[in-house]
Amino acid sequence: DTAVSQTPKYLVTQMGNDKSIKCEQNLGHDTMYWYKQDSKKFLKIMFSYNNKELIINETVPNRFSPKSPDKAHLNLHINSLELGDSAVYFCASSDSTVGDNSPLHFGNGTRLTVT
Amino acid sequence: GEDVEQSLFLSVREGDSSVINCTYTDSSSTYLYWYKQEPGAGLQLLTYIFSNMDMKQDQRLTVLLNKKDKHLSLRIADTQTGDSAIYFCAAPEVGKSTFGDGTTLTVKP
């Protein structure tokens with residue numbers, strides 16, 4: 001199946017721990033994103049990568065570090081987890097070669113709970 | 001940066017029409033999008049409109065765009081219980097899409 005897939009689907013961890021979320025897309029897209037959806041369902045962009053290069057970094061704490069080993073993968077590593085990091089994290093991808101306004105394709109999300 | 005605003009909640013009876021509204025600040029986007037998020041799932045692209053169009057119809061969905069007022073709306077005809085979801089409008093910029101806060105549509109039988 002062509003898709004954006006992210007793992008794990010659920011992540012429960014304690015404050016202070018370090019965790020990673022992985023994302024892969026097989027759509028051949030060149031741009032990938034991380035979005036955070038809070039408890040009120042508001043969706044905010046965190047990072048955007050185009051061809052493995054960081055192009056958007058929206059006032060995200062340094063504890064969050066994205067890594068893009070290749071165009072098809074964008075992983076998110078979070079250090080020293082805090083209670084406020086609890087949210088659903090969505091990975092997405094798009095094809096910038098068809099234009100700057102091309103639609104995003106989303107993964108199903110990773111629900112992170114920090115206790 | 002782009003600001004996109006939506007009302008947060010809408011409740012309708014099954015069979016009625018639903019109208020979800022969105023306003024945006026940046027008029028340079030070539031396309032404007034509507035996404036649907038069902039519980040526990042990611043966002044799925046529902047429909048879109050090209051910025052030089054006023055209206056686009058796709059089966060039960062009608063998208064209206066008023067560029068002068070920077071107003072976008074999504075009308076769902078004959079709303080069904082399966083339409084209950086959160087609907088987001090999105091106005092893309094370079095390298096990202098700015099989403100509205102989402103409108104939770106509740107369809108009552």
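Over chain A, with every protein chain in place, what whole percent of the accessible area is carbon and sulfur at 1.4 Å, could you tell me?
48
For the residue pair residue B:9 and residue A:80, what label-to-label distance in nm results when each label sits 7 Å from Cα along the Cα-to-beta-carbon direction?
Roughly 3.9 nm, to one decimal.
Near residue A:63, within a Cβ-to-Cβ distance under 12 Å, what is the net charge of the other residues, with Lys and Arg +1 and Asp and Glu -1?
Its environment carries a net charge of -2.
Keeping every protein chain present and rolling a 1.4 Å probe, give me the accessible area per residue for the protein assembly as shown in Å².
49
So for chain B, averaging the separation of alpha carbon pairs under 8 Å that are six or more residues apart and normalising by length, what relative contact order in percent results?
It comes to 38 percent, rounded to a whole number.
Which semi-axes, in whole Å and largest first, does the equivalent ellipsoid of the range A:69-115 have when worked out from the alpha carbon gyration tensor as the square roots of 5 times its eigenvalues?
27, 12, 8
If r is the Cβ-Cβ distance from residue A:26 to residue A:113 and R0 is 25 Å, what FRET efficiency results, to the nearest 0.05?
0.30
Quick one: Debye curve from the alpha-carbon atoms of chain B only, equal weights, vacuum; give me log10 I(q)/I(0) at q = 0.17, 0.18 Å⁻¹ to two decimals.
-0.74, -0.83
What does the charge add up to near residue A:93, with Lys and Arg as +1, Asp and Glu as -1, over the other residues with Cβ less than 10 Å from its Cβ?
Once all neighbours under 10 Å are counted, the net charge is -2.
Where the only charges are on Cβ atoms (+1 Lys, Arg; -1 Asp, Glu), what is the dipole of the protein assembly as shown about its Cα centre, to the nearest 20 debye?
Value, rounded to 20: 340 debye.
For a quick protection proxy, order the peptides A:66-77, A:50-61 by their average other-Cβ count within 10 Å, most packed first.
Peptide ranking by packing, descending: A:66-77, A:50-61.
Once you've got the GNM for chain B with C-alpha springs shorter than 10 Å, pick whichever of B:52, B:66, B:21 has the biggest mean-square fluctuation.
The residue with the greatest mean-square fluctuation here is B:52.
Per residue, how big is the convex hull of chain A when only Cα atoms are used? Give it in Å³.
Enclosed volume per residue, from the Cα hull, is 97 Å³.
Going by accessible area, probe 1.4 Å, with all protein chains left in place, what is the ranking of B:5, A:24, largest first?
B:5, A:24
Simple spin-label model, 7 Å along Cα-to-Cβ: residue B:60 to residue A:18 in nm?
Result for the modelled spin labels: 4.9 nm.
Write down the Å³ per residue value for the convex hull defined by the alpha carbon atoms of the protein assembly as shown.
Dividing the Cα hull volume of the protein assembly as shown by its residues yields 122 Å³.
May I ask for the accessible area buried between chains B and A, both sides summed, probe 1.4 Å, to the nearest 100 Å²?
Counting both chains, the buried surface is close to 1700 Å².
Alpha carbon centre of the range A:65-84 versus the range A:1-51: separation in Å?
8
The values are calculated or read from the model by the stated rules, or taken from the named source; none is laboratory data. The model shown is predicted, which means the values in this text are computed figures rather than measured ones. Cβ coordinates were reconstructed from backbone atoms using ideal geometry, including for glycine residues, and neighbour counts include every protein chain displayed. SASA here: full protein model, heavy atoms, side chains in, ligands and nucleic acids out. Shrake-Rupley method; radii C 1.70, N 1.55, O 1.52, S 1.80 Å.
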